[in-house]
1. Between Lys112 and Lys336, what's the calculated FRET efficiency when r is the beta-carbon distance and R0 is 51 Å? Round to 0.05.
2. How far is it, in nm, from the label point at Ile217 to the one at Glu628 when both lie 7 Å from their Cα along the line to the Cβ?
3. Could you tell me the calculated FRET efficiency between Arg75 and Ser725, based on Cβ-Cβ distance and R0 = 56 angstrom, to the nearest 0.05?
4. Of Lys22/Lys77; Lys605/Lys642; Lys520/Lys559; Lys44/Lys367; Lys40/Lys116; Lys40/Lys113, which sit over 24 Å apart, Cα to Cα?
5. So who's got an amide H within less than 5 Å of the one on Asp740, skipping anything under 5 residues away but keeping other chains? H placed 1.01 Å off N, in plane.
6. Under 25 Å Cα to Cα from Lys824, which lysines show up? Leave out anything in the same chain fewer than 8 places away.
7. What is the extension gain from Arg376 to Arg771, computed as 0.36 nm multiplied by their sequence separation minus the C-alpha to C-alpha distance, in nm to one decimal?
8. Within region 184-211, which residues have the backbone N less than 20 Å from the label spot 7 Å out from Glu318 along Cα→beta-carbon, could you tell me?
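Every read-out reported here was derived from the displayed coordinates using simple, explicitly stated rules and does not represent laboratory data. Bear in mind the structure is a predicted one, so any value in this text is a computation, not a measurement. For neighbour counting, all protein chains shown are included, and Cβ atoms are generated from backbone atoms with ideal geometry for every residue, glycine included.
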Amino acid sequence: MAAAAAVVGGMVASGVIKVVIKQIGSAIGGKIKLHKNLKKDLQKMKMTLESVEAALSDAERRSINDSSALLWVNRLKAAMYDISDMLDDFESDTQSRVGAMRKKISMPDKMKKMQKRLQKITEDHQNYRLLPETRSNEPQLPDIRENAGTMVEAEIIGRAEEKLEILARLSGSTTEHTTFVPIWGLGGIGKSTLARLVYNHPEFEKHSRVWVYVSQIFDLKKIGNTIISQLSRQQSQQILDLHSINIRLQELLAEKKNALIILDDLWEKRPSQLEELKSMLKQSKGCKVMVVVTTRDEGIANEISTVQPYKLPQLSDEMCWEIMSQKSKFETRDDKERLEPIGRDIAKKCKGVALAAQSLGHILRSKSYGEWNSVRTNHIWNLSTSTDASSSHEVLGSLLLSYNLMPPYLKSCFAYCAIFPKGHIMIKDELIHQWIALGFMEPSSIFSYWQLGESYIMQLLEMSFLQHSKAIVEWYDIDNIVTLFTMHDLVYDLARSVMADEFNLAGPNCRYAWNIDSAKPLKSSTTSPEKIRTLNIVGDETSWPSWYKFHRDAIAPAKYVRVLHSSVSSNRLVASIGQLKQLRYLSAPNIRGRVDLGCIGMLQKLNYLNLHNCQELSALPESISEMEGLMYLNLSDCENLKELPNSFANLKELVYLNLSNSDNVIGLPEALANLTKLQQLELTACENLRGRPEVITNLTELRNLRLSRCMHHIFDSSSTVQTESFIDSICRLPNMEHLDLSFNGHPLISIPESASCLRKLVLHGCRQVARLPECVAKMDRQSLFGLLPLFSVTTDDGKCYSNLGFLEHVNPHKLNIKKLENVKSPEEARSVRLIEKHRIEEMSLMWNPQAERSVDDMELLRELVPPTTLQKFEIYGYISASFPDWVMSIGNYLPNLDRMVMYGLPNCKSLPPLAQLPPNLRVLTLEEMESLEEWNTTYCSGEDGVNELMFCKLEQVNIHFCPKLRITPHLPRAASWSIRGSDNVLISWAGSVSHNDASSSFSGVSTTLIVGRSKVPLHQWRLLHHIPALIALHSYNCWDLTSSPEITFAHSKLSEWVGELASVQQLTINQCMTLEELPGNMRQLKQLQSLKLNICCSLRQLPLWLGELTSLKKLIICSCFAITICQTAYNSSQTSKN
């Protein structure tokens, strides 16, 4: 392994030398006036390096078996870095008078030493007789229409049977509520791919799905918080203790019913930790949790499994060849008959590893017959390393060969990705900007920086050297949707090996330093701080005040650093950066305390600056214009930033500007006027564009514009015509692709036709939008999703149709349709075809009961049949007296319905019989149905002929303000009843119903009853006879003396009938102002566990028999000022008196 690491470490030299040659060329032809001799020396150096570069590929190949060649390559690479630093130093100092004088003395000396060093390297190169190789210097861009990030199942080869096996094991476990199915096997053979096939399977489309990358660093808190954020579909606040994490997980899992969790790449071996992980995900009855675990270790698989672990076999040679054929586009080649035997031999060398076949297949796509043969016979195959499944540092020969065949410009970009920790999620835009800062890319006359960066990303994706991250949901932000990548473990190990000496903090060639403690001098972490090119500094956030602990030499010695990441919140950082004249990339968000950017003008090479959430930043200096090459500037959430300087308009290279939530900035229109290269502008919640919105419409290069929550600052509520005209002008910009208008109310009323030119239009929370052109609704499902889940039906004056037809083109998870009274005809509803939208799980249909209609409500509802997938259904404001047939037989149409609400149906007189309601219904709410007279419930006959109540899953029934409603002949059993303003439900029970029938129907069901706004006395509540298992009874705002066990506004005494509630476990007596004593019959409440007496001002003592209630655990007395507790009667329970 050590030999392999050394070899690949030398291979990155070809990428470095190309960067340096371009840098010398830029110095020769640049703005700086060079001394004649110096220019001549640089030209000679460039020619020398070009000669060396031509033969470098041969040297890298020889370095595999020749230690002398390897030593030469590494010496060359070190010299290249030093030349680059020397040129940067010279360029910076010649821009100042003092530096220029000093350089007249020092530069010739440095050049002389470097020339001697290069001369020695060149002589060795000639002695090795290295062969030159012709390469195209111009990188080729792949077709950008190819989306390497989309995993198409049809393209996954050889895992169909394995997928079915995992599905069978998940569904076959009936005894466990939480099932763990491990998939184990060698690294790179497709464990994660198989897990992803299961994750995306239609069987789990309705499940709550979670994907967690675990990694070698096992962190239960991180795992728990990741699952919580994905289950809740929001980026939740991090929970810091495991107990709270477990509680929150149990709550979320209990809500979800069914959940599929993928734990990808588990390395933890300690049984205690694995048991704690299993315990975290165990769920009680009511929720089925299925967990798929991928691991390389059989022992881990056996320890965590609840069913037989699945060992994923290696792919056959034939399958590897299929993958290679697919990736290399083999079938399109004219010489495929000659190539096939060679390709099959290469496939055998992949040793059943899918990742190897994928990367080699892509590399071979553009290779000739001779190059295919060279791959087959390449010596790198002899470097195959350990096949131990749990080896964390194995580098397969096939991956090493793929890297070796990369063009030089791609090698440096790939190897740099190893700077991040294993499993780290990389953000595309940040990664490209870092490549630019390090000089890995140079724009040409054909391609821009960004086009090159996009192409490099695409090539690495196609080789499987980068992968789209599966953790997108954790990073989703409505104002900032980012593209994320990660690396497979084996690929990461390869990249780390490539850069081995450059990550070694103790070595002389360390160039990249990660997680350096800012409280210590940099020299305490690395022996060569002046050679650092990328520096990531961190602080100890566990100590306070951590933001203050910043050593003055934490970054200063890194004089050649190009990329600086900081997670330190100390404002001392800002005072130190002025010395870093080679800095190109600075990310320093969340700085606390006063921020003085006076030195920022000294960073003339800076092209990326992130100062997000520096809340005490109040001003930018005029010297900011010195950063002429600045391309990216993030000043979002800088709440105290008051003004942009006049010189801001000189930042003419800016392509990205974010001023979101920096809402006090003035001078914005003037600043934007000259930024003609802007491609992305984010102005969420900005207030200072009023009167000057036209500056935006002049930015012709804009591709992405975010104006969330700011339109009301630009236009007043009466300026709807101006608003539409402004949006129309934006949509007509020649390069505009993405427009975010989310959370804008007035004056955003309508969207212009020109919006159909966009690729994406975001309208989240724009509830006032009444007119959306049909062409916009059809252009992109996501465009209309912005208006969902709440969709408002509107119609223009004089039109014979409404906008309801737009819903034909969407299929969301949740849909709430309001203002249905505006629908013009039943045909409009029929055209939507709701019944075919099988992604919908929740739906509400809303009318305004007072509004005029063009269509009768029942006629309209007849055409709005929901899909069978619906789990929650609500109807509001429906004024017809009866329902269409599908509602009266709703159990047949909506078998999966879990919750149902009927609210504000003033004319409805009857409901579907209980037997016709959905079998899985858990919650039923009937509210404000003043005409509803009867709900006819029925029995069904079981297999043994015994009568059984329907609705075995019903948990909660809410009946509010249905004053005429009677339930007959039987009470549906449910764990919770809430009855408010519906006295008929309490009293209208036929005497023929036997107590035994009631007992049978409620067997095993413990019931809570909440009663509100009742005007009838307690002894008339016949309903109580039908709930023998009543354990808790509460009431409020009940008008009679004996209204309920939560007795409210009572007079002098309670009914003796209270004592007949034998199953009651909780009893509240509330606001009985003249109650003098508790009735003796209450001593029969042997199950009573909690008694609360609240605002019973006349109650003077507790009875002696209270001590006989042996189950009583809690006695709460609030605002009963006259009472004296009798300790002899009651001394064993928990008592609270206020």
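1. On the way: r = 57 Å, r/R0 = 1.11.
Calculated value: 0.35.
2. Taking the two extended label points, one gets 4.2 nm.
3. Working: r = 65 Å, r/R0 = 1.17.
Taking R0 as 56 Å, the efficiency between Arg75 and Ser725 is 0.30.
4. Values: Lys22/Lys77 15 Å; Lys605/Lys642 26 Å; Lys520/Lys559 17 Å; Lys44/Lys367 34 Å; Lys40/Lys116 16 Å; Lys40/Lys113 16 Å.
The pairs that break the limit, which is 24 Å between Cα atoms, are Lys605/Lys642; Lys44/Lys367.
5. Long-range HN contacts for Asp740: Leu705, Arg706, Leu707, Val762.
6. Lys778, Lys799, Lys814, Lys837
7. Working: separation 395, 0.36 × 395 = 142.20 nm, distance 6.31 nm.
So the chain would gain 135.9 nm between Arg376 and Arg771.
8. Answer for this model: 190.
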